[in-house]
Amino acid sequence: VQLQASGGGLVQAGDSLRLSCAFSGGTFSSYSMGWFRQAPGKEREFVSAIRYNGGSTYYTESVKGRFIIFRNNAKNTVDLQMNTLKPEDTAVYYCAAGFPITSTIRQANAYRAWGQGTLVTVSS
């Protein structure tokens, strides 16, 4: 499985940005997909995830109501729409694919494949 993340950039606080992750080399509709981020000097943290069939979505508390994850199983993509961005959202964002169960869907080690990351910088 290969993942290619894109869409990062430099924006101002309050702006929106949409990240996209292209999946190849496997059966996309079988994989749950996640987005994680890593800020400078910090550990990688969970941001959002969506089940293989899009039936359930998950968000870390700090992005609820601002970020939306959705997938297109026909195009093999998963997007993260990020609204009302804040400086604390600045990080490298990674997409991931795997077969996590509900109790592990927020854990990085539950995912089998990772994209290369895309940098999001939010200025104040």
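The values are calculated or read from the model by the stated rules, or taken from the named source; none is laboratory data. The shown structure was predicted, so the numbers you read here are calculated from the model rather than taken from an experiment. Positions of Cβ are backbone-derived with ideal geometry, glycine not excepted, and every protein chain shown enters the neighbour counts. Just so you know, the surface numbers come from the protein's heavy atoms only, side chains and all, with ligands and any DNA or RNA stripped out. Shrake-Rupley method; radii C 1.70, N 1.55, O 1.52, S 1.80 Å.
Would you check if there is a residue in the stretch 78-90 being surrounded by fewer than 18 Cβ atoms within 10 Å (Cβ to Cβ) and on the phi > 0 side of the Ramachandran plot? Yes, that holds for at least one residue. Of all the residues in the stretch 39-54, those that are open to solvent by 60 Å² or more (accessible area, probe 1.4 Å) and more than 11 Å from the chain's Cα centre (by Cα) number 7. The criterion of at least 3 residues that are in contact (Cβ under 8 Å) with a residue 40 or more places away in the chain is met by the following strands (runs of 3 or more DSSP E) wholly inside the stretch 29-93: 32-38, 45-50, 77-82.
Residue count for the stretch 1-28 satisfying the condition of being surrounded by fewer than 16 Cβ atoms within 10 Å (Cβ to Cβ), outside any loop (DSSP other than H, G, I, E, B) and of a type outside the set (Ser, Thr, Tyr): 6. I'd like the full set of residues that are more than 23 Å from Lys42 (Cα to Cα), open to solvent by 40 Å² or more (accessible area, probe 1.4 Å) and in a loop (DSSP other than H, G, I, E, B), limited to the stretch 94-111. Across the stretch 94-111, the qualifying residues are Phe99, Ile101.
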